[in-house]
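Participant: Quick one: this structure, given as structure tokens, is what I'll be asking you about.
The values are calculated or read from the model by the stated rules, or taken from the named source; none is laboratory data. Because the structure is a prediction, the values reported are computed rather than measured. In this analysis, Cβ positions are derived from the backbone assuming ideal geometry, glycine residues included, and neighbour counts consider all displayed protein chains. Quick note on the areas: whole protein, heavy atoms, side chains included, nothing else; ligands and nucleic acids left out. Shrake-Rupley method; radii C 1.70, N 1.55, O 1.52, S 1.80 Å.
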Amino acid sequence: MLRETTCEREGNLLDVIAPTAVLRLAAGRVRPETVRGNAMVRSRNARAVANLGFACALTIFLGACGSMSLPSFSSSPSVAPEPVPEVPATIRPDEIVGRWGLASFQNPSDRARTEVAARAQCKQPYVIGAGSSGGVIMHLADQATPQELRLKGSPSGKNYIGPPGPAGADQDREIVSFDGRVLITRFIEKDAANRYGNMVYVRCAPRA
């Protein structure tokens, strides 16, 4: 059985009250004042029914609003930053290809003494070879096998040696100084820089 709603019950109540009052008036058993009283009751009931009707309509409207879904406005897609153009190094790869004596220092005051020690290592030189793609063959930090690396410039004017990619990355080494005879480099990654220090390459004399 369907349950009668509040709005329907109030509507039926109004239909019952009005005919009963009219019948009593027709039978002469109800005075006009009573009819007017009943009319006032009917008026109050009519207002109550109207209020209930408004409440029912408002409830239905709010329920419909709750089930409505508003359109979503997605944010505009993010634009990927443009790649930074590669800056050529001011040192050519062929300038550092060759045989070098190698040593290192941590304290800048030891630089002169380290250059002497590096020159003595020309008996067992470190060889920087020419790469097939225009780079140089050198070691990365903690790598036993050398590989081709690139000489990379930067907007600041510094030069780096490292794998392809942005200049100054963790695997790169900065060229601290180079005068054609002595090359000094330092790894960018802090742990490698602390362990290897400032690496001094002194060019060895050409073989006789």
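Participant: Among the residues of the range 141-154, are any small (Gly, Ala, Ser), touching a residue at least 60 places away in the same chain (Cβ under 8 Å) and under 16 Å from Tyr201 (Cα atoms)?
Facilitator: So far as the range 141-154 goes, no, none of its residues is small (Gly, Ala, Ser), touching a residue at least 60 places away in the same chain (Cβ under 8 Å) and under 16 Å from Tyr201 (Cα atoms).
Participant: Quick one: which residue in Val79, Val87 is aliphatic (A, V, I, L, M), under 18 Å from Ile175 (Cβ atoms) and modelled with pLDDT under 95?
Facilitator: Val87
Participant: Counting only residues that are without any contact (Cβ under 8 Å) to a residue 40 or more places away in the chain and either surrounded by fewer than 21 Cβ atoms within 10 Å (Cβ to Cβ) or outside any strand (DSSP E or B) (or both), how many does the range 156-183 have?
Facilitator: Of the residues in that region, 15 qualify.
Participant: I'd like the residue in the range 126-150 that is among the polar types (S, T, N, Q) and outside any strand (DSSP E or B) and, out of all such residues, is surrounded by the fewest Cβ atoms within 10 Å (Cβ to Cβ).
Facilitator: Looking at the filtered set, the residue picked out is Thr145.
Participant: Tell me which of these Gly153 doesn't satisfy, since it passes every other one: (1) open to solvent by less than 90 Å² (accessible area, probe 1.4 Å); (2) of a type outside the set (A, V, I, L, M, F, W, C); (3) closer than 16 Å to Val97 by Cα.
Facilitator: Tallying (1) open to solvent by less than 90 Å² (accessible area, probe 1.4 Å); (2) of a type outside the set (A, V, I, L, M, F, W, C); (3) closer than 16 Å to Val97 by Cα, Gly153 fails exactly one: (3).
Participant: What number of residues within the range 101-124 are over 46 Å from the mean Cα position of the chain (by Cα) and open to solvent by 40 Å² or more (accessible area, probe 1.4 Å)?
Facilitator: 9
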